[in-house]
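Take a look at the structure below.
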Amino acid sequence: MTFNINNLVRENVKKLKPYSSARDEFKDFDKDMVFLDANENPYNNGVNRYPDPQQRSLKGELALQRQIKASQVLLGNGSDEVLDLIYRAFCEPKIDNIITLPPTYGMYKVLAETNDVENREVLLTEDYEPDVTEILRVADANSKLLFICSPNNPTGNAFKADKIEILLKSFPGIVVIDEAYIDFSESQTWVSKLSEYPNLIVTQTLSKAYGMAGIRLGICYASEEIISVINKIKPPYNVNELTQKKALDRVLDKESVKNEIGSILNERSALYEVLLEVSFVQKIYPSDANFVLVKVDNANLRYQQLLDKGIVIRNRSTQPLCANTLRFTIGTPSENKKLIKVLKEL
């Protein structure tokens, strides 16, 4: 299938002249320069200046680690902003549609409603895999985006690569692969396939494996053409100075991140073994994420019992194909020890 990004971009976005911030107008900064261009308070307190609108240092490091160009990276105020920008760049309200694969991350649907874009839902199969035939059947010329969460939330599994490849080759619009949990999986990131699939967007986050949920930093990897389009409509200073600095420190601290991921994976395995012995647990689903989805006898009852014991989990029973399921996020060893103790008592 021939892919032309211009056929997917909204007409008003094509014509839009992006806002040029004061710091976008030149690239070379010198510590001795006098900044009188942006109406800032001149007294230095560490954050009195506007942040780099293009987050060059952070993008450069992320690009280096992913072995792509910095011009293939876009950063946002959490992944939710990144996803919203993708909607606004490519989906014409009341005309275009997107496709989601429930059970999946709920913000795809919320953002579709917020942007007045039809959401065509295609349920996963019983074994929690994309129904490729049905997805391609419901897609049409106005299907601009297909959202694939892999590893998937709330099911935890990474989808089979051959199914995703078929969709990348056959879907008429852009395929957005949400890899929020990729660092906990043995599956390879799809970032390495960007040059092969021009209609591919990969989103990641620092909220999960990197432990940076509080700073709100979402990442978008795509072709230079796609990033250029989204850059036109992003707010000029959407990632603040503190977030940029904290994020850069964290992505450079590879050893700490690696150790924490290893601990979480070990704890996941330990919890899995315990759940096998819990009488009210009926099924434990395989997980490529930092959580485990479990089918129980009575999810509402078990959720409340755990809550009464001071343990907060997610009851996913309202989601399609998830009747009587609970989702356990993997905590610290001490937190998991408390969870295991309560489970055994119940």
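The values are calculated or read from the model by the stated rules, or taken from the named source; none is laboratory data. Because the structure is a prediction, the values reported are computed rather than measured. Positions of Cβ are backbone-derived with ideal geometry, glycine not excepted, and every protein chain shown enters the neighbour counts. Accessible surface areas use protein heavy atoms only, side chains included; no ligands, DNA or RNA. Shrake-Rupley method; radii C 1.70, N 1.55, O 1.52, S 1.80 Å.
Taking each of K258/K295; K69/K94; K208/K283; K246/K283; K15/K144; K208/K337 in turn, the alpha-carbon distance tops 28 angstrom for K258/K295; K69/K94; K246/K283. All other residues with a Cβ under 9 Å from the Cβ of C149 taken together, and with Lys, Arg as +1 and Asp, Glu as -1, what is their net charge? Once positives and negatives cancel, what remains is -2. Computed about its Cα centre, the charge dipole of the stretch 6-81 is approximately 400 debye, with only Lys, Arg, Asp and Glu carrying charge at their Cβ. Count charges around S185 for me, please; just the other residues with Cβ under 12 Å from its Cβ, Lys/Arg as +1, Asp/Glu as -1. Residues near S185 contribute -2 overall.
Neighbours of K309 by Cβ distance under 12 Å: Lys/Arg scored +1, Asp/Glu scored -1, total +2. For the options L75, L265, L276, a Gaussian network treatment of the chain with springs between C-alpha atoms closer than 10 Å singles out L276 as fluctuating the most. The phi-based Karplus calculation (6.51 cos²θ - 1.76 cosθ + 1.60; θ = phi - 60°) puts the 3J(HN,Hα) values of the stretch 222-235 at 6, 5, 4, 5, 5, 4, 4, 5, 5, 4, 4, 10, 6, x Hz, whole numbers, x for Gly and Pro.
Note on the chain: with neighbouring protein chains present and a 1.4 Å probe, carbon and sulfur make up 49 percent of its accessible heavy-atom surface. Determine the distance separating the Cα centre of the stretch 311-346 from the Cα centre of the stretch 17-93; give it in Å without decimals. Cα centroid of the stretch 311-346 versus Cα centroid of the stretch 17-93: 39 Å apart. Accessible area per residue for the chain is 49 Å², calculated with a 1.4 Å probe on protein heavy atoms, without ligands, DNA or RNA. Of the options (i) 33, 26, 19; (ii) 36, 27, 17; (iii) 36, 23, 18, only one is semi-axes √(5λ) of the Cα gyration tensor in Å as computed from these coordinates, and that is (ii). Taking θ as phi - 60° and the Karplus parameters 6.51, -1.76 and 1.60, the scalar couplings of the stretch 150-162 work out to 9, x, 8, 10, x, 6, x, 8, 8, 6, 5, 4, 5 Hz in sequence order, x denoting glycine and proline. When the chain is treated as a GNM with alpha-carbon contacts under 10 Å, the residue of E255, E121, E224 showing the greatest mean-square fluctuation is E255.
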